[in-house]
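No value in this document is a laboratory result; all are computed from the given coordinates. A quick note: this is a predicted structure, and the numbers were derived from the prediction, not measured. FYI the Cβ positions are ideal-geometry reconstructions off the backbone, even for glycines, and counts take in every protein chain you see.
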Amino acid sequence: MNAMVEMSKYRHEKVLFVNNEKAGLKAIIAVHNTNLGPAIGGCRLYPYESYDAALFDVLRLSRGMSHKNAVAGLPHGGGKGVIIADPSQKTEAMFEAFAEAVNDLGGSYITAEDVNTDTNDALIMLRKTKHLCGLPQNSGDPSPFTARGVWQGIKATAKVALGSDKLDGVSIAVQGMGKVGYELCRLLHNDGAKLYIANRSNKAVLDKAAAEFGATIVPTEEILFQECDIVSPNAMGAILNPNTIPNLKCKAVAGGANNQILDDASGQALKARGIFYAPDFVINGAGVINAAAEVDGPYNKEEVLVKVDNIYNTIERILTESKKTGEPEGVIATRYAESLIYR
């Protein structure tokens, strides 16, 4: 991958490659845009197969954060950090070194927890940087807020795609049973949804969810193609692509994963099949809404929840426009976000 070409394509401001052998850290930090304010975006830890794979992910994720923060009405741009490692390789030295790299960006990037990182890791980073949010003593773990926002988005999606936002009896296939996916299943179960679940690892969490929510366990490779009303991706991105879209058996896709659609052509293909799509950077924005409230303070949970629940209205508006015009939902949402970023 040509990093300069990719940066130019998405109009990134900065990309920092970090290789700290002493700390065992290989990482990339991407700052996409700071027009609206300092960039906010989490630090994700994942065993990418190469720097190119990590770069592809971090450039897309950071751009998505710019869009997410703009649509949510936050005074922040978008950024993202990725650490190339297996979760079993976590060390305090690794997170301290990452925090030092954050400092090198001079406050243009504010980091937080993300996939495979948590509040304990944030406290370690706090030793070396103040450009951090999601601390346990402040806004805390963003996952419950993200799940609530996705739940609201699913209800809005059901209203447009199925004719009602009541989820009693609605069949939903949930891919990914991490912190967001599990809490989402709890909310959906409380609404009476019929759940199908899958997770790439950790069979114990699947068994627990099956018992607690009456969910049906589906093999990981089959969950996207489960016959259901709504597919809810809550794992990694780029899962809506030419290989998967022709085999979907649902009426809508609405989940918390970032960058679910591979490219614009895939978005068009999804629309051509008549499948509604809740744009990921809109539906999964609640986590950063919560974290930004800590940065912009003073933190007020009640005010955060009002903003989180407004995700319902935004998703309904985008899907209704798409239904009326035939334009893909992602195109509508991106155009709106960029009108705010580049005005």
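Using only C-alpha atoms and all pairs of different ones, pull out the Kirkwood radius for the chain in Å with one decimal.
19.9 Å
Give me the base-10 log of I(q)/I(0) for the range 149-235 at each q in 0.13, 0.16, 0.21 Å⁻¹, Debye formula, one uniform scatterer per Cα, rounded to two decimals.
With one equal scatterer per Cα and no solvent, log10 I(q)/I(0) is -0.34, -0.52, -0.91.
In nm², what is the average projected area of the convex hull enclosing the Cα atoms of the range 104-169?
Quarter of the Cα hull surface area: 6.7 nm².
Multiply the residue separation of Lys22 and Asp309 by 0.36 nm, subtract the distance between their alpha-carbon atoms, and state the gained length in nm to one decimal.
98.9 nm
Taking the Cα centre of the chain as the origin and placing charges on Cβ (Lys, Arg +1; Asp, Glu -1), which of Ile83, Ile230, Leu206 is farthest toward the positive end of the dipole?
About the Cα centre, the residue reaching furthest to the positive side is Ile230.
What does the convex hull of the Cα atoms come to per residue for the range 1-123, in Å³?
95 Å³
More than 29 Å apart: what percent of Cα pairs in the range 66-222 qualify?
The proportion of pairs with Cα distances above 29 Å equals 32 percent.
Report, in degrees rounded to the nearest 10, the 0 to 90 angle that the Cα long axis of helix 92-104 makes with the longest principal axis of the chain.
Approximately 80 degrees, to the nearest 10.
Would you check the range 77-219 for Lys pairs whose C-alpha atoms are within less than 17 Å, ignoring same-chain pairs closer than 8 in sequence, and give me the count?
For the range 77-219, qualifying lysine pairs total 9.
Could you rank the peptides 172-179, 130-137 by their average count of other C-beta atoms within 10 Å per residue, with the highest value first?
The densest-packed peptide leads the list: 172-179, 130-137.
Under a point-charge model restricted to the Cβ atoms of Lys and Arg (+1) and Asp and Glu (-1), what is the dipole moment magnitude of the chain relative to its Cα centre, in debye to the nearest 20?
In total the dipole reaches around 520 debye.
Can you tell me which of 138-151, 288-301, 204-217, 255-268 comes out highest on packing, and rank the rest after it, using the mean Cβ neighbours within 10 Å?
In decreasing order of mean packing, 138-151, 288-301, 204-217, 255-268 become 138-151, 255-268, 288-301, 204-217.
Could you work out the relative contact order of the range 145-213? I mean the mean sequence separation of Cα pairs under 8 Å and 6+ apart, divided by the number of residues, in percent.
Averaging sequence separation for qualifying contacts and normalising by length gives 31 percent for the range 145-213.
Net charge near Ser171: determine it from the other residues with C-beta under 13 Å of the C-beta of Ser171, scoring Lys and Arg +1 and Asp and Glu -1.
Combined, the nearby Lys, Arg, Asp and Glu give -1.
Scaled to the compact-protein estimate 2.2 N^0.38 Å, what is the alpha-carbon radius of gyration of the range 51-159, rounded to two decimal places?
1.15
Could you tell me the calculated FRET efficiency between Lys323 and Lys9, based on Cβ-Cβ distance and R0 = 41 angstrom, to the nearest 0.05?
That gives a FRET efficiency of 0.85.
How many percent of all Cα-Cα pairs in the range 131-174 sit more than 12 Å apart?
68 percent
Using only the Cα atoms of the range 248-320, what are the Rg and Dmax in Å?
14.8, 46
Taking H as built 1.01 Å from N, whose amide H comes closer than 5 Å to the amide H of Gly77, not counting residues under 5 places away?
HN-HN under 5 Å from Gly77: Leu36, Gly37, Ala39, Ile40.
For the chain, find the longest principal axis of its Cα atoms and tell me its angle to the long axis of helix 329-341, 0 to 90°, nearest 10.
On a 0 to 90 degree scale, this one is about 40.
Projected onto the charge dipole of the chain (+1 at Lys/Arg Cβ, -1 at Asp/Glu Cβ, origin at the Cα centre), which of Thr34, Val331, Ala122 gives the Cα projection farthest towards the positive end?
Value computed over the given set: Val331.
Over the chain, what is the relative contact order in whole percent, taking alpha-carbon pairs under 8 Å and six or more residues apart?
With pairs under 8 Å counted, the relative contact order is 16 percent.
Pull up the DSSP beta bridges for the chain and report the antiparallel fraction as a percent, rounded to 5.
Just about 35 percent of them are antiparallel.
What do the square roots of 5 times the Cα gyration tensor eigenvalues come to for the range 189-343, in whole Å, largest first, as semi-axes of the equivalent ellipsoid?
In descending order, the three semi-axes are 26, 23, 14 Å.
Label points 7 Å out from Cα along the Cβ direction at Ala204 and Asp104: separation in nm?
3.8 nm
So between Ala272 and Leu162, what do we pick up on full extension, going 0.36 nm a residue minus the alpha carbon distance?
37.8 nm
Note the full-extension length gain between Arg186 and Leu126 as 0.36 nm times their separation in residues minus their Cα-Cα distance, in nm to one decimal.
Once the chain is fully extended between Arg186 and Leu126, it gains 18.4 nm.
Long-range amide H contacts for Phe276: which residues qualify at under 5 Å (H placed 1.01 Å from N, peptide plane, sequence gap of 5 or more or a different chain)?
For Phe276, whose amide H was placed from the backbone, the distant partners under 5 Å are Ala252, Val253.
Which whole-Hz couplings ³J(HN,Hα) result when phi for each residue of the range 69-76 is put into the Karplus expression 6.51 cos²θ - 1.76 cosθ + 1.60, θ = phi - 60°, listed in order with x for Gly and Pro?
My calculation for the range 69-76 gives 5, 5, 5, 6, x, 8, x, 8 Hz in order.
Mind listing P(r) for the range 195-265? All alpha-carbon pairs, 10 Å bins, whole percents.
In whole percents, the pair-distance histogram is 19, 53, 24, 4.
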